[in-house]
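Data block below; observations after.
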Amino acid sequence: MDVGRLRDALVKPVATPRAGTLSAFGSWIHSELLTMTGTNRDADDARSATRGVLSRLLQRIPLSVRTVVYYFSFLAFILILVPWLAHVLGRRFLPWQFEIGWWRAGGWVVFGVCYLLYTVSSLVLMRRGRGAYVEFDPPKEFVATGPFRWCRNPIAACVLGMILGEALAFSSTGILLLFLVGLPLAHLQVVLLEEPLLEKRFGQTYLDYQAWVPRWIPRLPRGGSA
């Protein structure tokens, strides 16, 4: 046995990856991080392709059918399930309750008015915008008529109004708390999500609309006609 060769083999340093290999590995890691953070063009293309497939599938269903499904499923969730949970949890865990007696009737009036306006706004958006009011199936045309001449977000405002009406109608501290929490959440959703998407979709038309029509508080349309 050649002792010298054996010694050289034992003490021979382990080969390290070449700089090119390390660079390629680092590039792969960087690409994966970009993909996970949503800044990689391939990831954006994949999301666009997914939205395109979903859009094509939805277009096979008549708009009226899609709108009815969205309408009742959304209202069942946001006006029945969520307020019911808030009411039950409020009764059980909140130390303070309130009772407004016959003023409860006023809550039903608020609820009814907001429900009517919500329905009208949804129909206007469907007919004039040729689309529903959900982000994955949005209107194709810009709408600035009917309730949308008075404020930019009549649907969201009416949802908040209906929740407030329920809080009064049931003298529910839990539903009232739900309404108070919903105010900033709705505002953030509109400002951070919906408005940038609408600006991207409709461009200068939407920017002009923002300048003329308030976001939340209704105002008589300029020109004095509704």
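Computed from the coordinates by the stated procedures, all read-outs in this text should not be read as laboratory data. Values in this document were obtained by computation on a predicted structure and should not be read as measured data. So basically every Cβ, Gly included, is an ideal-geometry build from the backbone, and we count neighbours across all protein chains shown.
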Can you work out ³J(HN,Hα) from phi for every residue in the stretch 93-100, in order, using Karplus 6.51 cos²θ - 1.76 cosθ + 1.60 and θ = phi - 60°, giving whole Hz and x for Gly and Pro?
10, 7, x, 10, 10, 9, 9, 10
Ranking request for peptides 124-130, 73-79, 98-104: highest mean number of other beta-carbon atoms within 10 Å first, then the rest in descending order.
124-130, 73-79, 98-104
Would you please put 171-177, 85-91 in order of how densely packed they are, using the mean number of other Cβ atoms within 10 angstrom per residue and starting with the highest?
171-177, 85-91
Net charge dipole size for the stretch 62-212 [Lys, Arg +1 and Asp, Glu -1 on Cβ; Debye, nearest 20]:
260 debye
